[in-house]
Amino acid sequence: MPHNTLLITGGSNGIGAACARLGAAQGRDVILTYHSDEAAARAVATDIEAAGQTAQVVQCDVAEPTSIEALFAGINPATPIDLINNAGIVAPTASINDLDAERLTRIFAINVVGAILVAKHAVAHMRAAPAKGHIVNISSAAARLGSANLYIDYAASKGAIDTFTKGLADELAPEGIRVNAIRPGLILTDIHTKGGEPDRAKRLGGTVPIGRPGSAEEVAEAVLWLLSDAASYVTGAHLDVSGGR
Ligand code: NAP
């Protein structure tokens, strides 16, 4: 059976880019979105095409509902998709006194409201497409750990994604659409630089039971497995890819 096309939000860098490359290597076409880094998105697209698959690159800010609408308006309704709901941000390290409405609104607009709206449009697309699809939401081990004195707001946003995953999975199970979450731990991507702590994953890697940080490619393996028929009895799950952390 042919694979569904992968729709990946935030496919230009890090975990999303690794999912795009692995998906193409497994024979999937890819629609990937970027926010600010078009050059990185084009480089991922080049790799997808080198693997013999098609790549569609779309600029999308998931904090803007109209931007999400435009993304889905540009997807062929006859194309069956699986969604990797991956776009996300952290803010600089802070404790409760440093949190303000502007920071919280931004984090929740991207990590929660954006992710839920993307899923809403993806479900509408899947219902109308000729074949069903599946969804993986990218949560975080922070949802379990709480991230005290680091970014409890980010952790709370990922807690919301865990709960949303369970609820949406139950809602869609009768339709054959599976919804799962991956909770990555300390993964070597640029998100730590963007959060003001470039060495975070390397510095703390030794505290992880497995003894090192993880790679985006190791997360991608789990994401692609959850989307595959090999995971046909898995829905509503939160899979830790965190080296035991
Ligand atoms: P990353 O390398 O910083 O990549 C983030 C991706 O999200 C980029 O493609 C970025 O696009 C996109 N993005 C940022 N803001 C956006 C917006 N407003 N609208 C749409 N897309 C936006 O980070 P990553 O580590 O791969 O993170 C991917 C996901 O994994 C996130 O949800 C993150 O919370 C989660 N996660 C990461 C870790 C970790 O240790 N790395 C751990 C747990 C969970 P541009 O680059 O084009 O701007």
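Ranking Thr5, Thr66 from most to least accessible surface, computed with a 1.4 Å probe over the protein chains only, gives Thr66, Thr5.
The local environment of Ala70, defined by Cβ-Cβ distances under 13 Å, has a net charge of -3 under the rule Lys, Arg +1 and Asp, Glu -1. Accessible surface for segment 5-240, divided over its residues, is 43 Å² per residue with a 1.4 Å probe. For the chain, the dipole from Cβ point charges (+1 on Lys and Arg, -1 on Asp and Glu) about the Cα centre works out to 440 debye, to the nearest 20.
Mean projected area of the Cα convex hull of segment 202-245, taken over all directions, amounts to 3.4 nm². Could you tell me how far the Cα centroid of segment 30-77 sits from the Cα centroid of segment 197-245, in Å? Centre-to-centre distance over Cα atoms comes out at 24 Å.
Note down the net charge around Gly211, summing +1 for each Lys or Arg and -1 for each Asp or Glu among other residues with Cβ under 13 Å from its Cβ. For residues surrounding Gly211, the net value is +3. Dividing the convex hull volume of the alpha-carbon atoms in the chain by its residue count gives 115 Å³ per residue. Simple rule: put +1 on each Lys or Arg Cβ and -1 on each Asp or Glu Cβ in segment 5-240, find the dipole, and look at Phe164, Pro80, Thr207; the Cα lying farthest toward the positive end is Thr207. Measuring nothing but protein heavy atoms, the accessible surface of segment 5-240 at 1.4 Å probe radius is 55 percent carbon and sulfur. Summing charges over all other residues whose Cβ lies under 10 Å from the Cβ of Val179, with Lys and Arg as +1 and Asp and Glu as -1, gives 0. Take every DSSP beta bridge with both residues inside segment 5-240 and express the antiparallel ones as a percent of the total, to the nearest 5. So the antiparallel bridges amount to about 0 percent of the total.
The values are calculated or read from the model by the stated rules, or taken from the named source; none is laboratory data. In this text the structure is predicted, and so the values were computed from the model without any measurement. With ideal geometry, Cβ positions are generated from the backbone for all residues, glycine too; neighbour counts draw on all protein chains shown. Note: accessible area is taken over every heavy atom of the protein model, side chains too, but ligands, DNA and RNA are not part of it. Shrake-Rupley method; radii C 1.70, N 1.55, O 1.52, S 1.80 Å.
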